[in-house]
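**Q** Structure provided below as structure tokens; questions to follow.
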Amino acid sequence: MRNNVFFCFLAMLCEGIDLQAAGVAAAGIAGELHPSPQVFGYFFAASTVGLFIGAPFGGWVGDRKGRKFALILSLALFGLFSLLTAFCTTIDMLTLTRFLTGLGLGGAMPNMIALTAESSAPEKRSRNVTLMYSGVSLGGALASVVAVLSTPENWRVIFVTGGVAPLVIALAFVYFVQEPEWRREAAGESIARPGLAVALMGDGRGLKTALLWGSFFFSLLLLYLLLNWLPRLLVLIGLTPADAAFTQIIFNIGGTIGAAAIGFTLDRGNRMLTTGLVFALLGLMLLMLAKAGVGAITALAFVLGAAVLAAQAIVYALAPKVYPRAVRGVGVGAAVGVGRLGSIAGPLFAASLLGAGQSSAQVLMGMLPLVVVAGVASVFLASRLPINGQDTD
């Protein structure tokens, strides 16, 4: 079902645009509405809070009503509220619509992962999930391009784009996406389903769930720290703001390539070894970037983007293998929600280090223990999952 993977990729691209929309629009919003730093903080956090709530609920809906239904509903809500954001005239209205946008986006995430995995042959699941996930960094790159090409006064354009695109994709889902046959049958049956605790911990899944949550939390912490703070850290190292913005685009392009490529390696090689090597590369790139001169930073940022997005893609590829079909949506949704706590912690972690007087190099070095924790959790999780081609559902 190649259509399923393709349209999930397009939906994930919309997520990538939205994830950086607030940052892209920040200068224009500040110039027009003049929010205080504290209120601005609420605006930045609102979408993530909505996603944290929406992810497990959307997965629950997908398990009971079908992935296609849940995705169409989530994308429609995501698009509608993103579009409404462009017409807000106060920071309070902006914050509310960002929260509601996050609810829709959160509901879509676990179902995109589950539908992609369930539409793929076992030997192609990892590559298809990571290909789908690569849309995030490509969407982020597009948002960065908009920031470079447009003026701050045109900040509403990014939300119009981020609203129209998922509405069009939701319509395409109606006509072109096919629910797997077993999924249609299950959605139409009235069957007893386990509660949340049994879904996450039953049948010996407790340790796997804990490892998955740890992997999601720390890998998203690293990703969002870099997405939010990398341009600022690069300016502190010595780049101009324009060069730092360009380097952020290169970082996202590297991430797109890394996330797309890692799935083929997971399907063909040793999953534990691949995971360990990716996190080792991520740590090495952080170490090198902390000590690099201005001339080498762009090349290192490309490789760093490939490593950090590949690490995140590995976690997304492993997630659907942890849970059986009947509870896959709620299981993956809960993991995505926990990961969003990491996405909140990451920028705060960097802010606390910089506020304590740490340099850019020290912030990057401070991320190394987090890479180790995320890598160890992911390697141990990979060791406890079925080998490639032997997934049972």
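The values are calculated or read from the model by the stated rules, or taken from the named source; none is laboratory data. Values in this document were obtained by computation on a predicted structure and should not be read as measured data. Cβ: placed from backbone, ideal geometry, glycine included. Neighbour counts: every protein chain shown. Each accessible area value is taken on the protein alone, full model and side chains, heavy atoms only, with ligands, DNA and RNA left out. Shrake-Rupley method; radii C 1.70, N 1.55, O 1.52, S 1.80 Å.
**Q** Which one of Ile297, Ile237, Ile344 is surrounded by 20 or more Cβ atoms within 10 Å (Cβ to Cβ) and in contact (Cβ under 8 Å) with a residue 12 or more places away in the chain?
**A** It is Ile297.
**Q** Counting just the residues of the stretch 241-255 that are under 16 Å from Ala311 (Cβ atoms) and small (Gly, Ala, Ser), which one comes out surrounded by the fewest Cβ atoms within 10 Å (Cβ to Cβ)?
**A** My answer is Gly254.
**Q** What is the number of the single condition among (1) outside any helix (DSSP H, G or I); (2) crowded, with 20+ Cβ neighbours inside 10 Å; (3) not polar (S, T, N, Q) that Ala310 does not meet?
**A** Of everything listed in (1) outside any helix (DSSP H, G or I); (2) crowded, with 20+ Cβ neighbours inside 10 Å; (3) not polar (S, T, N, Q), Ala310 misses just condition (1).
**Q** Residue check: is Leu284 in a helix (DSSP H, G or I) and either surrounded by fewer than 17 Cβ atoms within 10 Å (Cβ to Cβ) or in contact with a Pro (Cβ under 9 Å, 6 or more places away or on another chain) (or both)?
**A** yes
**Q** Being in contact with a helix residue (DSSP H, G or I) (Cβ under 9 Å, 6 or more places away or on another chain), open to solvent by less than 20 Å² (accessible area, probe 1.4 Å) and at pLDDT below 80: is that true of Gly258 here?
**A** Against the criterion (in contact with a helix residue (DSSP H, G or I) (Cβ under 9 Å, 6 or more places away or on another chain), open to solvent by less than 20 Å² (accessible area, probe 1.4 Å) and at pLDDT below 80), Gly258 does not qualify.
**Q** Please pick out the residue among Gly41, Gly31 that is open to solvent by 40 Å² or more (accessible area, probe 1.4 Å), in a helix (DSSP H, G or I), more than 19 Å from Gly107 (Cα to Cα) and not charged (D, E, K, R). It would help to see each step written out before you state the result.
**A** On the way: Gly41 fails: open to solvent by 40 Å² or more (accessible area, probe 1.4 Å).
The match here is Gly31.
**Q** If you go through the stretch 225-239 one residue at a time, how many are modelled with pLDDT of 80 or more and either hydroxyl-bearing (Ser, Thr, Tyr) or under 30 Å from Arg384 (Cβ atoms) (or both)?
**A** Adding up the residues that qualify gives 2.
**Q** In the stretch 32-64, what residues are modelled with pLDDT under 85 and small (Gly, Ala, Ser)?
**A** Correct list: Ser36, Gly41, Ala45.
**Q** Quick one: how many residues across the stretch 262-281 are over 18 Å from Pro369 (Cα atoms) and either of a type in the set (Ser, Thr, Tyr) or open to solvent by 50 Å² or more (accessible area, probe 1.4 Å) (or both)?
**A** 7
**Q** Is there any pair with a first residue in the stretch 95-112 that is under 19 Å from Val322 (Cβ atoms) and a second that is surrounded by 24 or more Cβ atoms within 10 Å (Cβ to Cβ) and among the basic types (Lys, Arg) whose Cβ atoms are under 7 Å apart and which are 6 or more apart or on different chains, and what are they?
**A** As it stands, the answer is Asn111/Arg67, since those pairs meet every condition given.
**Q** In the stretch 195-234, which residue that is farther than 30 Å from Gly293 by Cβ and among the charged types (D, E, K, R) is surrounded by the most Cβ atoms within 10 Å (Cβ to Cβ)?
**A** Checked the stretch 195-234; the qualifying residue surrounded by the most Cβ atoms within 10 Å (Cβ to Cβ) is Lys208.
**Q** Also, quick follow-up: What are the residues in the stretch 46-73 that are under 20 Å from Thr116 (Cβ atoms) and open to solvent by less than 10 Å² (accessible area, probe 1.4 Å), if any?
**A** Within the stretch 46-73, Leu51, Gly54, Ala55, Gly58, Gly59, Gly62, Asp63, Gly66, Arg67, Ala70, Leu71 qualify.
**Q** Another question about this same structure. From Phe173, Phe217, grab the single residue that is part of a helix (DSSP H, G or I), modelled with pLDDT of 85 or more and closer than 30 Å to Pro347 by Cβ.
**A** When all the criteria are applied, what remains is Phe217.
**Q** Another one. Take the conditions surrounded by 15 or more Cβ atoms within 10 Å (Cβ to Cβ), outside any loop (DSSP other than H, G, I, E, B) and at pLDDT 85 or above and apply them to Ala374. Does it pass?
**A** Working: surrounded by 15 or more Cβ atoms within 10 Å (Cβ to Cβ): yes; outside any loop (DSSP other than H, G, I, E, B): yes; at pLDDT 85 or above: yes.
Criteria met by Ala374.
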